[in-house]
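The values are calculated or read from the model by the stated rules, or taken from the named source; none is laboratory data. In this text the structure is predicted, and so the values were computed from the model without any measurement. Quick reminder, even Gly has a Cβ in these numbers, built from the backbone with ideal geometry, and neighbours come from all protein chains shown. Ligands, DNA and RNA are stripped out before the accessible areas are found, and what is left, the full protein with its side chains, is counted by its heavy atoms. Shrake-Rupley method; radii C 1.70, N 1.55, O 1.52, S 1.80 Å.
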Amino acid sequence: MATTVMNAATADKLAEVVSYVFHPLLVVIPTLVIAMVRLGSTLGQAIFWTVLSIVSVNVPMAILLFWGVRSGKYSDASVSIREQRTSIYAVGGACLVILLAVLIIGKAPVIIIACLISAVIATAIGYWVNRHTKLSLHSAAMAGCTAVLLWTVPLIGVIMAVFAPLVGWARIRLKHHTPVQILIGWMVSMICVFVVFQLML
């Protein structure tokens, strides 16, 4: 019995670590840099546009999550209650649209513009899906980044694809999502990326 409890605790801890390592706000950072460098940008250019993206989207979202949990507006850092996620989509979508406008005006590399268009569309779909069921943002981000890397650096994309089920398992293990919600996250994100990339690249 004690061994079973210990194994369960270990599995929960592993799931938490996986969720943190592949957090939506983190996994996109190396993905953008790698994709831009692979398609011709210098490392300096890739870092510049990625940092701009972090400041425009990741930082505001991190602040929103921190404030939301601290104030009690959100149940937890994963915003597990579906009804509480509306503001996540609203603020996230607004930040993405603003960043997209800046990227277009600033004539950023086409690859990052394509990534942002994919993200805006996926966020809009996610907002609609959220009216009926939760979409796994961890899985959506993982699948989206995997699709970007499969398109630009296939070998790294394959490695990411290997880890995608692990992220899905972690979210299910922590009881934040169901298998169906994981699959929805994968499908929405990957379809958006492949369709937009097919049209733009």
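Pairs linking a residue in the range 53-71 that is without any contact (Cβ under 8 Å) to a residue 40 or more places away in the chain to a residue that is buried (at least 19 other Cβ atoms within 10 Å of the Cβ), with Cβ atoms under 6 Å and 6 or more positions apart or on different chains, are PRO60/CYS95; MET61/GLY92; GLY68/TYR74.
Scanning the range 8-28 for residues that are open to solvent by less than 50 Å² (accessible area, probe 1.4 Å) and either among the aliphatic types (A, V, I, L, M) or more than 19 Å from GLY144 (Cα to Cα) (or both) returns ALA8, ALA11, ALA15, VAL18, LEU25, VAL27, VAL28.
With the requirement that a residue be surrounded by fewer than 15 Cβ atoms within 10 Å (Cβ to Cβ) and without any contact (Cβ under 8 Å) to a residue 24 or more places away in the chain, what does the range 179-194 give you? Once the filter is applied, which keeps residues that are surrounded by fewer than 15 Cβ atoms within 10 Å (Cβ to Cβ) and without any contact (Cβ under 8 Å) to a residue 24 or more places away in the chain, the range 179-194 yields only PRO179.
Kindly evaluate ALA101 against the criterion of being open to solvent by less than 70 Å² (accessible area, probe 1.4 Å) and under 16 Å from VAL28 (Cβ atoms). Taking the combined requirement at face value, the residue does not satisfy it. For the range 48-72, filtering for residues that are more than 17 Å from the chain's Cα centre (by Cα) and farther than 15 Å from LEU103 by Cβ leaves 7.
So, in the range 117-146, of the ones that are of a type in the set (Ser, Thr, Tyr) and open to solvent by less than 50 Å² (accessible area, probe 1.4 Å), which residue ends up nearest to the chain's Cα centre (by Cα)? The extreme case among them is SER139.
Name the single residue, out of those in the range 29-49 being open to solvent by 40 Å² or more (accessible area, probe 1.4 Å) and not in a helix (DSSP H, G or I), that is farthest from LEU150 (Cα to Cα). Result: THR42. Of the residues ALA164, ALA114, ALA108, ALA94, the single one that is modelled with pLDDT of 95 or more and surrounded by fewer than 16 Cβ atoms within 10 Å (Cβ to Cβ) is ALA94.
Taking into account only those residues within the range 64-82 that are within 20 Å of TYR127 (Cα to Cα) and among the β-branched types (Val, Ile, Thr), which is most open to solvent (accessible area, probe 1.4 Å)? The residue in question is ILE81.
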